[in-house]
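Visitor: First the structure, then my questions, so here it is.
The values are calculated or read from the model by the stated rules, or taken from the named source; none is laboratory data. Only a predicted model underlies this, so the values are computations on that prediction, with no experimental measurement involved. Here Cβ is always computed from backbone atoms with ideal geometry, including for glycine, and neighbour counts include all displayed protein chains. Heads up: the accessible areas ignore ligands, DNA and RNA and are worked out on the full protein's heavy atoms, side chains in. Shrake-Rupley method; radii C 1.70, N 1.55, O 1.52, S 1.80 Å.
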Amino acid sequence: MLHVLYLVHDVSDPAVRRRIIMLRAGGARVTLAGFRRTTNAIADVEGLQPIDLGATRDGRFAQRLAAVAKAALSIGTKLSAMPNPDLIIARNLEMLALARCAKAAFGGVPIVYECLDIHRLVLRNDMLGKALRTAERYLARDVKLLVTSSPAFIANYFKPFGQVAAPVELIENKYFETAPMTVDNRPKSENPVAPPWRIGWFGALRCRRSLELLADFTRRQGGRFEVVLRGRPALSEFPDFHAFVEAEPFLSFRGPYRNPEDMAAIYGEVHFSWAIDFFEEGQNSEWLLPNRLYEGCRFGAVPISMANTETGRFLNQQDIGILLSDATPEMLETALGRMDQDRFGKAKARVMARNPRTWSYDRSDCRAFVDRLRGLTAVSGPFVTEALA
């Protein structure tokens with residue numbers, strides 16, 4: 001069995017859990033190590049006890065840099081009790097630095113660089129941005145594979161800046177299915193009777209502009225539209241998030257959820273999925289293909305996106321969704337204000353008509369990914385898929 005050491009920037013990040021599920025479903029054994037954004041250590045992630053590298057804080061670049069420097073001095077000791085891995089996956093740039101320290105401790109195992117967001121700091125044209133890009137090129141000089149989630153990251157960053165010479169594995173932020181997905185077992189989806197029409201904004205809630213836009217739009221509609229928010233609000237970006245939502249009559253925050261366990265239930269409660277993010281407008285937010293795009297479409301929610309983004313272009317190719325040319329309450333009213341059952345039914349039918357593999361990975365995809373990783377090492381032999389709880 002391929003043994004993967006997974007080094008992560010935040011062990012409590014739901015995306016980390018999803019990748020662990022994917023690796024184990026593909027036949028890999030995983031050891032998890034990383035930082036946390038909590039006061040106390042995380043006891044369990046998908047049945048694994050993480051190796052704790054310390055605490056970091058969201059949005060505090062200098063603090064995170066200091067934490068990485070401190071961890072670099074002790075990572076050999078922290079990992080000394082674990083068996084030697086066959087491969088190291090480093091999630092994000094800061095963990096790539098630690099991966100090289102771990103590689104030295106384990107005698108030169110291959111490193112895979114997983115980069116699912118392009119941070120705004122590395123795109124700056126000042127000394128800091130240039131220094132970070134130089135550091136990334138140096139740290140990634142001999143990685144065996146780059147894993148990323150959107151073609152636009154490659155086209156707009158990795159290729160033009162020449163950051164990573166390794167081959168690229170594109171793994172989209174798709175929903176994970178335990179059973180093979182075919183057109184014949186396309187999921188059935190029911191939505192609540194409307195109005196009110198419900199827009200679901202789920203996942204990493206970090207975009208103040210989206211929050212204010214949705215609040216304005218729903219007030220203008222006088223209750224015909226409601227917004228349901230779930231996930232993890234980035235309080236470093238809007239510390240008044242909870243007070244703001246509570247003050248809005250047509251917005252409600254319903255807390256975190258588990259992926260994939262809760263997906264059918266939470267998307268079954270809404271009609272539309274908010275697939276818009278202005279957090280890093282013109283950069284990462286324009287290039288990404290977010291989790292909520294795939295999850296929402298998988299369960300029949302009609303996606304709402306900006307037309308001039310990678311998400312918008314993807315939806316245009318699929319001929320589905322509501323695409324906005326401008327992010328204003330007036331544009332939302334034009335696009336959605338006269339929504340009725342017939343129009344929604346047709347929009348939803350187009351989403352549901354797409355091949356379900358557009359939105360989901362199954363175990364065969366997991367095995368293919370682990371097989372690709374196995375090919376970077378000296379490990380050979382049949383797949384052994386771990387049982388998933």
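Visitor: What whole-number value in cubic angstrom gives the convex hull volume per residue for the C-alpha atoms of the chain?
Guide: 138 Å³
Visitor: So for segment 71-119, averaging the separation of alpha carbon pairs under 8 Å that are six or more residues apart and normalising by length, what relative contact order in percent results?
Guide: The value is 42 percent.
Visitor: Which value, in Å², gives the accessible area per residue of the chain when a 1.4 Å probe is used on the protein heavy atoms?
Guide: I get 42 Å² per residue for the chain.
Visitor: What do the square roots of 5 times the Cα gyration tensor eigenvalues come to for segment 293-351, in whole Å, largest first, as semi-axes of the equivalent ellipsoid?
Guide: On the way: eigenvalues 58, 52, 15 Å².
Semi-axes from the Cα gyration tensor: 17, 16, 9 Å.
Visitor: What distance in nm lies between label points placed 7 Å from Cα along the C-beta direction at ASP319 and SER252?
Guide: 3.7 nm
Visitor: Mind counting lysine pairs for me in the chain? Cα separation below 27 Å, and the two need to be 8 or more apart along the chain or on different chains.
Guide: Lysine pairs meeting both conditions in the chain amount to 19.
Visitor: With each pseudo-label sitting 7 Å past Cα toward Cβ, what's the GLU269-LYS130 distance in nm, one decimal?
Guide: So the label points at GLU269 and LYS130 sit 5.1 nm apart.
Visitor: Let me ask something else. How large is the Kirkwood hydrodynamic radius of segment 204-266, in angstrom, based on all distinct alpha carbon pairs?
Guide: By the Kirkwood definition, the hydrodynamic radius is 12.4 Å.
Visitor: With the cut-off at 1.5 for a/c, could you classify segment 253-338 from its C-alpha gyration tensor as rounded, prolate or oblate?
Guide: Values: a/c = 1.63, a/b = 1.36, b/c = 1.19.
Prolate is the answer for segment 253-338, as a/c is 1.5 or above and a/b outweighs b/c.
Visitor: Which value, in debye to the nearest 20, gives the size of the charge dipole of segment 270-389 about its Cα centre, when Lys and Arg are +1 and Asp and Glu are -1 at the Cβ?
Guide: Charge dipole, segment 270-389, about its Cα centre: 660 debye, nearest 20.
Visitor: Starting from 0.36 nm per residue, how many nanometres of slack lie between ALA243 and ALA69 once their C-alpha separation is accounted for?
Guide: That works out to 59.0 nm of additional length.
Visitor: What share of the DSSP beta bridges in segment 1-160 is antiparallel, in percent to the nearest 5?
Guide: Bridges in segment 1-160 are about 5 percent antiparallel.
Visitor: Something else about it: Translational diffusion coefficient, Stokes-Einstein: compute it for segment 1-135 using the Kirkwood radius over C-alpha pairs as Rh, at 20 °C and 1.002 mPa s, and state it as an integer in µm² s⁻¹.
Guide: D = 140 µm²/s.
Visitor: While we're here: To the nearest 10 square angstrom, what accessible area does HIS271 show with a 1.4 Å probe?
Guide: Only protein atoms counted, so the area is about 0 Å².
Visitor: Oh, and also: Report in % the part of the accessible area of the chain that belongs to carbon and sulfur, leaving out ligands and nucleic acids; probe 1.4 Å. Working shown, then result.
Guide: Working: 8580 of 16520 Å².
The nonpolar share, carbon plus sulfur, comes to 52 percent.
Visitor: Also: Using just the helices of the chain, give the 222 nm mean residue ellipticity in deg cm²/dmol: DSSP H runs with n ≥ 4 each add -39,500 (n - 2.57), and the total is spread over all residues, rounded to 500.
Guide: The helix-only estimate for the chain comes to -10500 deg cm²/dmol at 222 nm.
Visitor: OK, next. What translational diffusion coefficient, to the nearest whole µm²/s, does segment 1-40 have by Stokes-Einstein, given a Kirkwood radius computed over alpha-carbon pairs, a temperature of 25 °C and 0.890 mPa s viscosity?
Guide: Result for D is 233 µm²/s.
Visitor: Please work out the C-alpha center-to-center distance from segment 61-79 to segment 129-153 and express it in whole Å.
Guide: Taking the Cα centre of segment 129-153 as reference, the centre of segment 61-79 is 20 Å away.
Visitor: Along Cα→Cβ, 7 Å out, is where each label goes; now give me the distance between the ones at VAL193 and ILE154 in nm to one decimal.
Guide: 4.9 nm
Visitor: Further, regarding this structure: Run the numbers on segment 199-336 and let me know its relative contact order in percent, using alpha-carbon pairs under 8 Å that are six or more apart.
Guide: Values: 217 pairs, mean separation 32.9, N = 138.
Reported relative contact order: 24 percent.
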